[in-house]
Amino acid sequence: MKINNQMFGSMMASDIDDDEAGDLIQVIGGEDDEELNEANQPDELPILAVRNTVLFPGVLIPITVGRQKSIKVVKNAYKGNRLVGVLAQENPKVDDPTQKDLFRVGTVAKIVKMLVLPDGNTTIIIQGKSRFEVEEYTSDAPYMKAKVKYLAENFPKRLSKEVKALLQSVRDAANKIMSLNPEIPKEAQVALDNIDKTSFLIHFLCSNINTEAKEKQKLLEINDGVERATALLQYMLKEVQLLELKHEIHSRVHSDIDQQQRDYFLRQQMKVLQDELGEDGPEREVEALRKKGESKNWPEKVGTHFNKELDKILRMNPMAAEYPITMNYAELMIDLPWGEYSKDNLDLKRAKKILDKDHFGLEKVKDRILEYLAVLKLKNDLKGPILCLYGPPGVGKTSLGKSIAKALNRQYVRMSLGGIHDEAEIRGHRKTYVGAMPGKVIQNIKKSKTSNPVFVLDEIDKVNSNFRGDPSSALLEVLDPEQNAEFTDNYLEVEYDLSKVLFVATANSLDTIQPALRDRMEIIEVSGYTVEEKMEIAKRHLVPKQKEEHGLKSTDLVFDKKTIQKIVDEYTRESGVRNLERKIGSVVRSAAKSIALEEEYPKKVTAEFIEKVLGGPVFDKETYDNNDLAGVVTGLAWTSVGGEILFIETNLSRGKGKLTLSGQLGDVMKESAVAALSYLKSEAHKYDIDYRVFDKYDLHIHVPAGAVPKDGPSAGITMLTAITSVFTQRKVKNKLAMTGEITLRGRVLPVGGIKEKILAARRAGIKELILSKKNEKDILDIDERYTKGLNIHYVETAEEVLELALMKQKVANAIDLVVED
């Protein structure tokens, strides 16, 4: 059995909860039922063996029961009269005590409360009632039982002067012990003052005197109360003498050495010990940091702040909680690259070569980087621009930042902003917080070891804001060229110069970027790649990369232009090239498997091999379909995956002038159709159309591929041409396509996505294009190889469009639009 060994009065506060402590104070105040009456004294008792403690009558103690025999004793007794005989072990090291291992004199105890703990142990609170002596043991299993003889307490009812003096001496000794021993709780003094009954006072002090269990057992075995009190006083006076001696020694040492001398003495000892062990002490570490700080190229006020922090460390106790925090802060300041810049490589030809090698296309971005290098070369000092590459996923925005770093010969760091919702991620935590650290901006600057890296802020459009703060607002200072020279991190507390950092942000959408943040960045649109560009990228980068990753030599598998184009046209429909790389990787893996299995495979990739590996074509390419019907026009549209041609078909039927639109058109295209019809009605006389036919025939406009949503301002003139063609029965010219919006006055408005639309027209075999006059500037930005062979007409009015698009004569099988008078 395991006993909680109590110091004097400690059981009053530490091992018993509030309710039980209250009960105990009540007992101490005077317990009438301290001994059992003769009527309820059982002749036979279950025996509970305890070690390292002795129970006295009237005293309440907690015991944790762990031995199986003891648990059985407690549980059986708790179900009955709750009485057990408590005997101390002579040798506390014996785990399974027998009759020979127990003292003969013990105390009958009543179980006041029993608690079963989750670990299987049982805690009981017992109160001593009467002393007893074992006459004989009657049973050993399942636990020990014994016949007992009860021992009366021989305390005189009337106290003589000598006994009163003895009891007063006992109280005085107890008070002296409590005053000299700070470990004894104050509640013990209250308990002692509330004890009136003489026998309980002696038993309470015997139970709590600081001596071994064997000595307490001797006190328990004394039958005469005055004799027991005398023996108790002897033990207490010894304890008083020992405590007074310790107090005297402590006072003498304290008077000789004051606090400052003590600290100095201990530090000197620590220094000697650290020298012997070869370890660095706090002073040595601080001096090493101070020496490193002297070589730092930081502003004077930063150096002053750093030295103040070091002085603060010297005044701290190394065991204090603030010590490692302040030391880590000082080490961070040393590790940051204050005024350390990598030397830029300003060879523009080399930079252009690197950018062209790593990325095909993206001419605007490359030109902007070269402009930055050119100004830096001429001026030799320039604030870092804040570039934001905006475009769909997979077009190389992030990898472009790495190429810029390579071209400039700068360090490259990347910080992903996707999902960040805590402002402290940008500006850091205050040092007062537990686990505080600088923001990721300062952390990445530390990692780069230079103050002018190329810093890529990836996915800046996916920053979240919530109750923790708004990280996008924290980025305003980082990305403001006029402010970031004095960027202040909450953890760093001093200004850090970010003006030489070249920040490159990437975003898929501008709508979710805070307007103030968007205003601080130079937006460069990175549009999706054209089919031609994808083919070049696959040829130059993707195919060699996939061969290398899958362990193939360049001669093991050969892709020609047609096979690459087949994969691009029929298996991918995206702005970037990620999916294209996956498809090429699938083909390469199939070849790698054949090589590993020593099977036959086509070394030159064929269309059949592609379809075998990737399955049938996923996408159908729209091609120009010439026809002799009136009312069918070829239009051009922009999509997120490039340009496409689309056909607009019209049909007339007898009716009441109803307009029907189909093909899953959006609101903008519906409005374009209505505007085109309204314009034609107002100008019907110019095209020899009887105005009455509009009320006698229903018009149906349909755009094929109805499962694909279509919207945008690109089909205005296409709608007008189709409607005019069907009402005049004049066919549209062969291999002609158009794009542009129309107003009710017949003006042709410019549209976007011209480059993608031109490439779509070339792929479809179109020879002539009709564009708005205001789109002529967009053609100048397109490489001549893409516009070569195209006859492009620039128009300003709807009349010009119809003049260019419609044939002069009606189609051979023209229908007659009959209007009855």
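The values are calculated or read from the model by the stated rules, or taken from the named source; none is laboratory data. Worth saying up front: this structure is predicted, and the values here are computed from it rather than measured. So basically every Cβ, Gly included, is an ideal-geometry build from the backbone, and we count neighbours across all protein chains shown.
Among the residues of region 204-231, which ones are among the small types (Gly, Ala, Ser) and either more than 22 Å from ASN181 (Cβ to Cβ) or buried (at least 21 other Cβ atoms within 10 Å of the Cβ) (or both)? SER207, GLY225, ALA229 - these are the residues of region 204-231 that are among the small types (Gly, Ala, Ser) and either more than 22 Å from ASN181 (Cβ to Cβ) or buried (at least 21 other Cβ atoms within 10 Å of the Cβ) (or both). It is to be established whether one or more residues within region 142-161 are β-branched (Val, Ile, Thr) and within 14 Å of ILE47 (Cα to Cα). Yes, region 142-161 contains a residue that is β-branched (Val, Ile, Thr) and within 14 Å of ILE47 (Cα to Cα).
In contact with a helix residue (DSSP H, G or I) (Cβ under 9 Å, 6 or more places away or on another chain), farther than 19 Å from ASN37 by Cα and not in a strand (DSSP E or B): does that describe TYR137?
Taking the combined requirement at face value, the residue does not satisfy it.
Contact annotation: residue pairs with Cβ atoms under 8 Å, 6 or more positions apart or on different chains, pairing a residue in region 430-449 that is over 23 Å from ALA485 (Cα atoms) with a partner that is charged (D, E, K, R), are ALA436/ARG430.
Quick one: is ALA722 crowded, with 21+ Cβ neighbours inside 10 Å and either among the β-branched types (Val, Ile, Thr) or in a strand (DSSP E or B) (or both)? The answer is no for ALA722. When restricted to residues that are of a type in the set (Ser, Thr, Tyr) and outside any loop (DSSP other than H, G, I, E, B), region 43-100 contains 3. Taking the criterion of being among the aliphatic types (A, V, I, L, M) and either touching a His at 6+ places or on another chain (Cβ under 6 Å) or modelled with pLDDT under 90 (or both), the residues of region 115-143 that qualify are LEU115, VAL116, LEU117, ALA141.
Take the conditions closer than 25 Å to LYS670 by Cβ, assigned to a strand (DSSP E or B) and either among the small types (Gly, Ala, Ser) or in contact with a helix residue (DSSP H, G or I) (Cβ under 7 Å, 6 or more places away or on another chain) (or both) and apply them to ALA737. Does it pass? When the stated conditions are applied, ALA737 passes them. Listed conditions (1) within 26 Å of THR230 (Cβ to Cβ); (2) crowded, with 16+ Cβ neighbours inside 10 Å are all met by MET144, apart from (1).
Across region 566-606, the qualifying residues are those that are touching a Lys or Arg at 6+ places or on another chain (Cβ under 6 Å) and over 18 Å from HIS550 (Cβ atoms), and the one among them that is surrounded by the most Cβ atoms within 10 Å (Cβ to Cβ) is VAL568.
Against the list (1) modelled with pLDDT under 85; (2) closer than 27 Å to LYS357 by Cβ, the condition VAL588 fails is (1).
In region 610-622 there is no residue matching the filter, namely being closer than 24 Å to LYS357 by Cβ and of a type in the set (Val, Ile, Thr). Kindly evaluate LEU159 against the criterion of being under 27 Å from VAL240 (Cα atoms), touching a residue at least 40 places away in the same chain (Cβ under 8 Å) and more than 60 Å from the chain's Cα centre (by Cα). Considered against the rule, which asks whether it is under 27 Å from VAL240 (Cα atoms), touching a residue at least 40 places away in the same chain (Cβ under 8 Å) and more than 60 Å from the chain's Cα centre (by Cα), LEU159 comes out as no.
Of all residues in region 147-174, which are more than 30 Å from LEU83 (Cα to Cα) and either surrounded by 13 or more Cβ atoms within 10 Å (Cβ to Cβ) or in contact with an Asp or Glu (Cβ under 9 Å, 6 or more places away or on another chain) (or both)? Within region 147-174, LEU159, VAL163, LEU166, LEU167, SER169, VAL170, ARG171, ASP172, ALA173, ALA174 qualify. Counting only residues that are assigned to a loop (DSSP other than H, G, I, E, B) and on the phi < 0 side of the Ramachandran plot, region 429-459 holds 14 of them.
Let's see how each residue does on (1) modelled with pLDDT under 85; (2) under 30 Å from PHE132 (Cβ atoms); (3) among the hydroxyl-bearing types (Ser, Thr, Tyr); (4) part of a helix (DSSP H, G or I):
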| position | (1), (2), (3), (4) |
| --- | --- |
| ASP196 | yes, yes, no, no |
| LEU220 | no, yes, no, yes |
| THR230 | no, yes, yes, yes |
| LEU233 | no, yes, no, yes |
| GLN241 | no, no, no, yes |
| ILE249 | yes, no, no, yes |
| ARG252 | yes, no, no, yes |
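Do we find a residue being within 20 Å of GLU221 (Cα to Cα), modelled with pLDDT of 90 or more, among the hydrophobic types (A, V, I, L, M, F, W, C) and not in a strand (DSSP E or B) anywhere in region 25-39? Checked against the condition, which is being within 20 Å of GLU221 (Cα to Cα), modelled with pLDDT of 90 or more, among the hydrophobic types (A, V, I, L, M, F, W, C) and not in a strand (DSSP E or B), region 25-39 yields no hits at all. Within region 297-330, the residues that satisfy the criterion of being in a loop (DSSP other than H, G, I, E, B) and either hydrophobic (A, V, I, L, M, F, W, C) or crowded, with 17+ Cβ neighbours inside 10 Å (or both) are TRP298, MET316, MET319, ALA320, ALA321.
Could you pull out every one of the helices (runs of 4 or more DSSP H) wholly within region 345-428 that has 3 or more residues that are surrounded by fewer than 20 Cβ atoms within 10 Å (Cβ to Cβ)?
Once the helices (runs of 4 or more DSSP H) in region 345-428 are filtered for at least 3 residues that are surrounded by fewer than 20 Cβ atoms within 10 Å (Cβ to Cβ), what remains is 348-358, 363-379, 397-408.
Comparison of LEU804, LEU769, LEU790 shows that the only residue that is touching a strand residue (DSSP E or B) at 6+ places or on another chain (Cβ under 8 Å) and under 18 Å from THR530 (Cα atoms) is LEU790.
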